[in-house]
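For reference, the structure is listed below as structure tokens.
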Amino acid sequence: DLHSFPTRRSSDLPGWKELAEANKIVVASRGMAVQLTKLKLNRIKTSKKKASVSWKSSGEKLDGYILYKSLKKAGGFKIAGRTATMKVTVKKGLKKGRKAYFKVRGYKVVDGKRVYTGFSAVKAAKIR
């Protein structure tokens, strides 16, 4: 059972990071664990200084998703939108003729705390 751990915190156990990575598990506080879900940006459709971004999930349904955008390929990512669905339309901060870069990550609420997935790969789109 993923939700049962000994009284010691998981992070105190030797090799816990390697074990978590090998089993694709995120270890949260109080010894809770959540199965990782991979996210993949599916489609970015642009028109008139806005972009509609959608993505796919490889695992269980998550409680929410956070979309990040940047006008630079590496770094400078800011939150562009939060949603419980798998689609966001971004209308602010996009410049016509420039490329915008997007990535997404999801979260699940466990014991009142958010446990995040990893980030998706970065995907670019030219704004019209």
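For segment 46-93, which positions are open to solvent by 50 Å² or more (accessible area, probe 1.4 Å) and either of a type in the set (Val, Ile, Thr) or closer than 16 Å to Lys123 by Cα (or both)?
Within segment 46-93, Lys50, Lys56, Lys72, Lys73, Ala74, Lys78, Ile79, Thr85, Met86, Lys87, Thr89 meet the criteria.
Looking at segment 46-104 only, could you name the residues that are within 16 Å of the chain's Cα centre (by Cα) and of a type in the set (Lys, Arg)?
Matches in segment 46-104: Lys56, Lys61, Lys69, Lys78, Arg82, Lys87, Lys103.
When Gly75 is evaluated against the numbered criteria (1) in contact (Cβ under 8 Å) with a residue 12 or more places away in the chain; (2) assigned to a loop (DSSP other than H, G, I, E, B), which criterion, by number, is the only one it fails?
Checking Gly75 against (1) in contact (Cβ under 8 Å) with a residue 12 or more places away in the chain; (2) assigned to a loop (DSSP other than H, G, I, E, B), the one that fails is (1).
Filter segment 95-122 down to residues that are of a type in the set (A, V, I, L, M, F, W, C), modelled with pLDDT of 90 or more and open to solvent by less than 40 Å² (accessible area, probe 1.4 Å) and give me whichever is nearest to Thr37 (Cα to Cα).
Here the residue is Val104.
The values are calculated or read from the model by the stated rules, or taken from the named source; none is laboratory data. If you're wondering where the values come from, they're calculated on a predicted model, not measured in any experiment. All Cβ positions, glycine included, derive from the backbone under ideal geometry; neighbour counts span all protein chains shown. Keep in mind that these areas ignore ligands, DNA and RNA; they rest on the heavy atoms of the full protein, side chains included. Shrake-Rupley method; radii C 1.70, N 1.55, O 1.52, S 1.80 Å.
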